[in-house]
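Working notes, structure below.
The values are calculated or read from the model by the stated rules, or taken from the named source; none is laboratory data. Please read these numbers as outputs of a predicted model, since none were measured by experiment. Cβ placement follows ideal geometry from the backbone for every residue including glycine, while neighbour counts extend to all protein chains displayed.
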Amino acid sequence: MKGILEFSLPEEQDEFKLAQDAWKYSIIVDEMFNWLRSLEKHQNIKKLTVEQVRNKLVELRNERFD
């Protein structure tokens, strides 16, 4: 089985880039899940602020996209 994505460039450049980088977003979600699980399991942390979660997401995004 094959799957082929076609984009009309340059009009669909943003969509093309998103499809190209989707695997990075998938890894970020997995890393975020594991980080949250680790905080709860090993540090017994049950609650975080929105700022803490946002900062972690920014950190993970910067690791993948820099």
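Out of L60, L48, L9, L39, I need the residue that is modelled with pLDDT of 95 or more, under 10 Å from the mean Cα position of the chain (by Cα) and of a type outside the set (K, R). Which one? Before you say what the answer is, go through the steps one by one.
Values: L48 fails: under 10 Å from the mean Cα position of the chain (by Cα); L9 fails: under 10 Å from the mean Cα position of the chain (by Cα); L39 fails: under 10 Å from the mean Cα position of the chain (by Cα).
Matching residue, one of L60, L48, L9, L39: L60.
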If we ask which residues in region 1-57 are surrounded by 10 or more Cβ atoms within 10 Å (Cβ to Cβ) and not in a helix (DSSP H, G or I), their number turns out to be 4
Give region 15-31 a look and list any residue that's within 13 Å of N62 (Cα to Cα) and among the hydrophobic types (A, V, I, L, M, F, W, C), or say none. I27, I28
